[in-house]
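Since the structure comes first, as structure tokens, the remarks are kept for the end.
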Amino acid sequence: MRKLLLTITAVAILSTLSIAQNRTLPSVDVKTLNGGSMNITAIENDGNPIVISFWATWCKPCKKELNTIAEVYEDWQDETGVKLIALSIDDTRTMTKVAPYVNASDWDYEVYLDPNGDLKRAMGVSTVPHTFLLNSKKEIVWQHKGYVDGDENELLEQIEKIAK
Amino acid sequence: MIKKISLTLTIACLTIICFAQENSGEFHGDFDLNMQSYQEDKLIEAEPVDEIILNNAYLNINYTQGNFAAGLRYESYLNALLDFDDDYKGNGIPFRYATYTIDGLEVTAGNYYEQIGSGLIFRSYENKGLGIDNAMDGVRLKYIPVKGIYLKTFIGKNRTYFTYSDGIIRGADAEVNLNESLNFESKTKIIVGQGFVSRFQADNNPKFKLPQNIAAYSSRLNIINGGWNYSGEYAIKLNDPIGSLTAEGNNYANGNALMSSLAYSQRGFGIIAEMHRVDHMEFRSERAQEKQYIINYIPTLTKQHTYTLLALYPCATQSEGEFGTQVDVFYKIKKGSVLGGKYGTKISFNFSNIRSLEKGVKYDTNKNEIEEISSSFKNDYTDFTPKFFSKNGELFFNDINLEIYKKINKKMKATGILARQSYNKDVLEGKTPGTYGTVNSTIAIADVSYKIKEGHTVRVELQELLADGGDGSWSMGLVEYTISPHWFFAVQDMYNWGNHDVEKQLHYVNINCGFLKGANRIAIGYGKKRAGIFCVGGVCKEVPSANGFSLTISSSF
Amino acid sequence: MKNIITLFSFILIITSCDVVEGPYLIDNGGITPVDTSSNTYVKKVLIEDFTGHTCPNCPAAAKELEAIHDVYGDQIIGMALHVSTGFAAPQTGSGKFEYDFRTEWGTEWDDFFDISNAGLPRGMVNRTGYPDEHKLGKNEWLAAVITELEKEIDFGISITSEMNEDEGNITINTELLNDVIGDYNLVACLTESHIINWQKDGQIENAFYEHNHVLRSVLIDKNLSTSSSYSSGDEIIEPIIINLTTLEQYNIDYSVNTAINGSGNAGGWNAENMSVIAYIYDNTTKEIVQVEEAHLNE
């Protein structure tokens, strides 16, 4: 058991070393609202920043975050060229409500589904909301857990930092 | 022993790969810690624990390098929080895997999570909040022969706590996206899927014939045309008796489930109507085992509420038999209209109704009636199949709720909710019929947030639940102060002023504060938790009351 | 190639299923219960059924126990222990469920083996699997019984008893069948069957339920001997003198003074329906290695 723990510690230390380099997206399939499948590494924004926001229809702060950003999304896009991907972790209980909710909310985001948490686990998301910011090479340069009013400003600052 | 060896091998591989390809591989993961102290509180019947403090912790490590990925999860329960089954005990690495993808073929060995369709016949998943983790241990192949056709097969054993079930689970699934595979452009998109799962467990019963390979099939269809979206799934589970030696114990009937939903949406408007009918569909990884061994998932057909008093009496699927319907409407009143105001108004309406199937009678060896049943049952003396629509269905759950969200001005946002719920406490909490009956409640909620200055927001929640049955009426108030981007503080009080037992008219006060920075979140709290039913995703468990401090750390890298 | 691999495994998997047609009963499956009346010792199995008179699902477990007994005969010995406040406390004054079936020892074992916390009905089969896998649901008993019955025995137990009114002499005779080293305890207890009293049975509240093998008293629970090494052929004789009135009063006092919500309504014993159960367990693993049952006064 002690050996095991040592090994884990070693692995953990190594891992901290390797996070010095930028992190890319894991190769995991997600579902599209059209019933298709897509590998998350295939998302594109012509070299502009990408925001991936994990959310669920049953998560109040998630919806608050995405609704707040929706009001200023056009401005953000004009200013920085950013694209927001709303990644729903709704399971099959609430998954069917995602498309109607998104449409009714008038969101212009790209929306994908991760009904059994495969991408969520691969990206180390334990609670929602959890937001990742990707640079032009689709490397994760910043992430943030949770949402309280005003957090969108910090996100915008981070986007502005890396926007061309 | 074998487990230990394979573990060590996984770690060794991880380490070697890391050294060998230092520049191209990546490590990442996340860490969670939940610690709670338990003090005695006679009023709320909270029991102290001998350990004073209980603790759950998890560390996930994933390594990826091109098409290869491997990882493990270390879990530590010293000892497990009272919300968890105490079979979660000690430390271990119950989850480790390696996977690679080449030319459309993905091979996974070790642990994995998998789901077929909606999960009616198989779902292996984790939910830390509920202490559910029925991960598979085995191998899985996924293959995309041509664009639009997705095949997968897997074999393995399901995890329960720190052990693996006796039953061997084999599964296969094929999904065909007709548009993609036949390569035609059309406004109508059609996706069909067919899944299969089989469990092997040897027949050890000297008295009754038992099937050793239990099969379950499901077929699904999804049609999308513009704003319209239909999806349906039908599943059958073949004879799966529990292997009892008693005359009435074994049920050889086939189970089945049907779910169907139709949605329409356009900008600013969405509607979705759903139904499901479930009959004898509980599927476990071992025939003689209990709920902790369930390996399928029947989505609950009610709204997943987040406000405390709306979720006080939550619904859980009765996978042995129920008929449910649900309608959701989302509507955004346009900006600038009379009702919409400057920013628009969002309205969502939800209705759900869950009932039992038709009731029948179970007979003993002498053809005497012994029990009322409400799902398919078949043995040497009884053969009952409920009709598709039942006339005498008993109400399990009913919920009508309306939510209005409005941004009033630049500084103020408000949400108002009205709901009426009926909750069959006996059925949904597994009590003897007639113990509590049905709790009817009326709930009103107001949630207002106000921006004091840039980054500083105060939010107030007022909730009221009026009910005669159950614990009677409740009030709840919450004040939350958040300072973006780092801090939050919250105080809440739940007051059970309407409890019929005057001594139980208690306040449950909680204080929480937390600090967030990037990918780290730390929160501490102090307060009383009421005993109750706690549900996520329609799966519920009873949690005991508690009084004490809590510490939560969540971090990812 | 990959096509073939995937398709092949696909087809293999979807052909694996059995459909069983009725009649499902196969006359005890050809098992002839071992003749336990002969002079040779046979392996016996104790099923301790933790139950409660207001536990609606518990009669199903009692039925399962009887059904296992029907198949394997007297190799199966049952014991019902009414435990927990929630399911076994008497509902004094309600006219129903007023009897207190609980005992000091039942409560003690329930705490030690942590049974009722996991929900009733639940039981132990020869107490195997302790400390992690000993709490078995009723449907798991059969598999555990089959495993247990295959085990060899090192001890043979025989019980004789002689009653004179309330007074009695019981003798537990243990014979070593092999050389054994270990720390063993001997337990002797009294159970009573055919007690007609209230029981919640599913949706029904049955006033005339027949309670069987109900634990009444534990007479001894002590080291089998002072030595930890035994040779084949050794005999250990344990004489016990009992007084049923005293034992009955002990339970009444326990109910009044110690048990939560107890009422003292724990008497009315009927010696005619009582049995002596004696078993030997390994003090390290807690596993019961042999058990025997005999009617009182036989």
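The values are calculated or read from the model by the stated rules, or taken from the named source; none is laboratory data. Note that the structure is predicted; figures quoted are calculated from it, not measured. We place every Cβ from the backbone using ideal geometry, glycine too, and count neighbours over all the protein chains shown.
A few comments on the model shown:
- In the range A:131-154, residue nearest to the other protein chains (Cβ to nearest Cβ) [restricted to those that are hydrophobic (A, V, I, L, M, F, W, C) and surrounded by 21 or more Cβ atoms within 10 Å (Cβ to Cβ)]: A:Val148
- Any chance A:Asn39 is more than 13 Å from every other protein chain (Cβ to nearest Cβ) and either in contact with a strand residue (DSSP E or B) (Cβ under 6 Å, 6 or more places away or on another chain) or at pLDDT 90 or above (or both): no
- Filter pass, C:Asn39 being modelled with pLDDT under 95 and within 13 Å of another protein chain (Cβ to nearest Cβ): no
- Residue that is nearest to B:Met275 (Cα to Cα), among those in the range B:288-302 that are part of a loop (DSSP other than H, G, I, E, B) and in contact with a Phe, Trp or Tyr (Cβ under 8 Å, 6 or more places away or on another chain): B:Thr302
- Residue within the range B:45-57 that is within 14 Å of chain A (Cβ to nearest Cβ) and crowded, with 21+ Cβ neighbours inside 10 Å present: yes
- Residue in the range B:529-546 that is at pLDDT 90 or above and out of contact with any Pro (no Cβ under 8 Å at 6 or more places or on another chain) present: no
- Some residue of the range C:173-191 being more than 14 Å from chain B (Cβ to nearest Cβ), within 30 Å of C:Gly95 (Cβ to Cβ) and either of a type in the set (Lys, Arg) or touching a residue at least 40 places away in the same chain (Cβ under 8 Å) (or both): yes
- B:Phe351 within 28 Å of B:Gly255 (Cβ to Cβ) and among the hydrophobic types (A, V, I, L, M, F, W, C): yes
- Just so you know, in the range B:167-197 the residues that are out of contact with any Ser or Thr (no Cβ under 8 Å at 6 or more places or on another chain) and within 30 Å of C:Glu133 (Cβ to Cβ) include one that is surrounded by the fewest Cβ atoms within 10 Å (Cβ to Cβ), and it is B:Ile168.
- Screening C:Glu235, C:Glu210 for residues that are surrounded by fewer than 20 Cβ atoms within 10 Å (Cβ to Cβ), farther than 16 Å from C:Leu296 by Cβ and modelled with pLDDT of 95 or more leaves exactly one candidate, C:Glu210.
- Residue within the range A:96-119 that is at pLDDT below 90, among the acidic types (Asp, Glu) and under 29 Å from B:Ile408 (Cα atoms) present: yes
- Residue in the range A:108-130 that is in contact with a Phe, Trp or Tyr (Cβ under 8 Å, 6 or more places away or on another chain), surrounded by fewer than 22 Cβ atoms within 10 Å (Cβ to Cβ), in a loop (DSSP other than H, G, I, E, B) and more than 9 Å from chain B (Cβ to nearest Cβ) present: yes
- Of the strands (runs of 3 or more DSSP E) contained entirely in the range B:341-418, those carrying at least 2 residues that are under 28 Å from B:Thr442 (Cβ atoms) and either at pLDDT 90 or above or within 12 Å of another protein chain (Cβ to nearest Cβ) (or both) fall at B:345-355, B:395-407.
- Flag if A:Tyr101 is in a helix (DSSP H, G or I), away from chain B (no Cβ under 12 Å) and farther than 21 Å from B:Ala519 by Cβ: no
- Any hit, the range B:200-209, residues being within 7 Å of another protein chain (Cβ to nearest Cβ) and within 15 Å of B:Lys378 (Cα to Cα): yes
- Of all residues making up the range B:86-118, the number that are crowded, with 17+ Cβ neighbours inside 10 Å, among the acidic types (Asp, Glu) and away from chain A (no Cβ under 13 Å): 1
- Selection count, the range C:262-282, where residues are among the polar types (S, T, N, Q) and either loosely packed, with under 14 Cβ neighbours inside 10 Å or out of contact with any Asp or Glu (no Cβ under 9 Å at 6 or more places or on another chain) (or both): 1
- Condition broken by C:Gly129, with the remaining ones in (1) away from every other protein chain (no Cβ under 14 Å); (2) under 22 Å from C:Glu292 (Cα atoms); (3) not basic (Lys, Arg) satisfied: (1)
- Residues within the range A:48-60 that are surrounded by fewer than 17 Cβ atoms within 10 Å (Cβ to Cβ) and modelled with pLDDT of 90 or more, tallied: 0
- Out of C:Tyr250, C:Tyr254, C:Tyr279, sole residue that is touching a residue at least 24 places away in the same chain (Cβ under 8 Å), on the phi < 0 side of the Ramachandran plot, out of contact with any Lys or Arg (no Cβ under 8 Å at 6 or more places or on another chain) and in a helix (DSSP H, G or I): C:Tyr250
- Some residue of the range B:189-198 being closer than 30 Å to B:Asn55 by Cα and either without any contact (Cβ under 8 Å) to a residue 60 or more places away in the chain or assigned to a helix (DSSP H, G or I) (or both): no
- Qualifying residue in the range B:128-143 (condition: farther than 18 Å from A:Asn39 by Cα and facing chain A (nearest Cβ under 10 Å)): yes
- Residues in the range A:77-98 that are more than 13 Å from chain B (Cβ to nearest Cβ), crowded, with 19+ Cβ neighbours inside 10 Å and either of a type in the set (A, V, I, L, M, F, W, C) or not in a strand (DSSP E or B) (or both): A:Val82, A:Leu84, A:Ile85, A:Ala86, A:Leu87.
- Scanning the range C:155-192 for residues that are more than 19 Å from C:Asn283 (Cβ to Cβ) and not in a strand (DSSP E or B) turns up C:Glu165, C:Asp166, C:Leu177.
- Residues in the range B:275-306 that are facing another protein chain (nearest Cβ under 8 Å) and among the acidic types (Asp, Glu): B:Glu290 only.
- The condition (being under 30 Å from A:Pro100 (Cα atoms), touching a residue at least 24 places away in the same chain (Cβ under 8 Å) and either within 7 Å of chain C (Cβ to nearest Cβ) or in a strand (DSSP E or B) (or both)) is satisfied by just one residue among B:Ile214, B:Ile224, B:Ile242, B:Ile236: B:Ile224.
- Test: residue in the range C:102-119 that is more than 30 Å from C:Ile31 (Cα to Cα), more than 14 Å from chain B (Cβ to nearest Cβ) and outside any helix (DSSP H, G or I): yes
- Members of the range B:498-514 found to be surrounded by 13 or more Cβ atoms within 10 Å (Cβ to Cβ) and either within 13 Å of chain A (Cβ to nearest Cβ) or not hydroxyl-bearing (Ser, Thr, Tyr) (or both), listed by number: B:Gly498, B:Asn499, B:Lys504, B:Gln505, B:Leu506, B:His507, B:Val509, B:Asn510, B:Ile511, B:Asn512, B:Cys513, B:Gly514
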